[in-house]
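Comments concern the structure below.
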Amino acid sequence: MKITNQNLEIDGIDKKILRALMEDARTPILEIARHVGISGAAIHQRLRKLEKSGLISGSKFIINPKILGYTTMAFIGIYLDKAMSNPEAVKQLKKIPEVLECHYTTGNWSVFIKILCKDNAHLMHLLNKEIQSIEGVSRTETFISLDQQIDRQITV
């Protein structure tokens with residue numbers, strides 16, 4: 001691993017380690033070491049360097065929201081009356097647990113969010129009572145996801 005022109009360059013060994021962990025973050029270090037052909041200590045050392053560089057940060061379990069009854073995913077473009085409203089609007093959006101992502105965007109909307117709801121009634125409640133009541137929100141445009149076709153990370 002080396003840094004050139006503010007970009008991080010990773011070698012083939014780093015890529016093999018990352019691919020194994022991206023596939024299953026619970027893969028034992030010694031199993032990865034056997035697969036890559038270096039010691040477990042070398043794997044640990046490389047992982048520490050990758051974490052220190054900021055390329056990787058922690059690991060997580062992925063929860064299946066459908067098992068918990070969350071079946072409606074929607075994307076909402078939010079129009080703000082003034083650009084100055086953005087920080088306060090985002091602060092209020094953070095308080096809504098169903099908001100999974102929030103992006104400041106170019107184009108028509110000021111903010112674009114991804115939300116997860118139990119059903120359409122839950123979505124309507126969030127829109128009418130939570131999101132559209134935020135000061136500075138002038139209107140919203142909602143797109144309901146029928147099915148997620150691709151779910152992946154960047155390839156290494």
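The values are calculated or read from the model by the stated rules, or taken from the named source; none is laboratory data. Everything numeric in this text was worked out from a predicted model, so none of it was measured. Methodologically, a virtual Cβ is constructed for each residue, glycine included, from the backbone with ideal geometry; neighbour enumeration extends over all protein chains shown.
Here are a few things to note about the model shown:
- Cβ-Cβ under 7 Å pairs, at least 6 apart or on other chains, the range 36-48 side more than 16 Å from LYS15 (Cβ to Cβ), far side in a helix (DSSP H, G or I): SER39/ALA33; GLY40/ILE29; GLY40/LEU30; GLY40/ALA33; HIS44/ILE29
- Between GLU130, GLU101, GLU88, GLU135, the distinction of being among the acidic types (Asp, Glu) and assigned to a strand (DSSP E or B) belongs to GLU101 only.
- Among (1) farther than 30 Å from LYS15 by Cα; (2) surrounded by fewer than 15 Cβ atoms within 10 Å (Cβ to Cβ); (3) basic (Lys, Arg), the one test that LYS118 misses: (2)
- In the range 135-156, the residues that are over 26 Å from VAL90 (Cα atoms) form Cβ pairs under 9 Å with partners that are acidic (Asp, Glu), at six or more places apart or across chains, as follows: VAL156/ASP14.
- Qualifying positions in the range 71-110 - over 18 Å from LYS129 (Cβ atoms) and among the β-branched types (Val, Ile, Thr): THR71, VAL90, THR105, THR106
- Filtering ILE67, ILE32 for residues that are crowded, with 17+ Cβ neighbours inside 10 Å, out of contact with any strand residue (DSSP E or B) (no Cβ under 7 Å at 6 or more places or on another chain), at pLDDT 95 or above and part of a helix (DSSP H, G or I) leaves a single hit, ILE32.
- Verdict on LEU47 being part of a helix (DSSP H, G or I) and over 16 Å from ILE154 (Cβ atoms): yes
- Applying the set (1) part of a helix (DSSP H, G or I); (2) of a type in the set (Ser, Thr, Tyr); (3) loosely packed, with under 12 Cβ neighbours inside 10 Å to THR106 leaves exactly one unmet item: (1).
- Residue that is nearest to LYS118 (Cα to Cα) [pool: residues in the range 50-64 that are part of a helix (DSSP H, G or I) and not hydroxyl-bearing (Ser, Thr, Tyr)]: GLU51
- Residue check: ILE43 meets all listed conditions (1) modelled with pLDDT under 95; (2) surrounded by 11 or more Cβ atoms within 10 Å (Cβ to Cβ); (3) not assigned by TED's automatic domain parsing to the domain that holds CYS117 but one, namely (1).
- Test: SER59 is closer than 30 Å to LEU47 by Cα, surrounded by 10 or more Cβ atoms within 10 Å (Cβ to Cβ), among the polar types (S, T, N, Q) and not assigned by TED's automatic domain parsing to the domain that holds LEU47: yes
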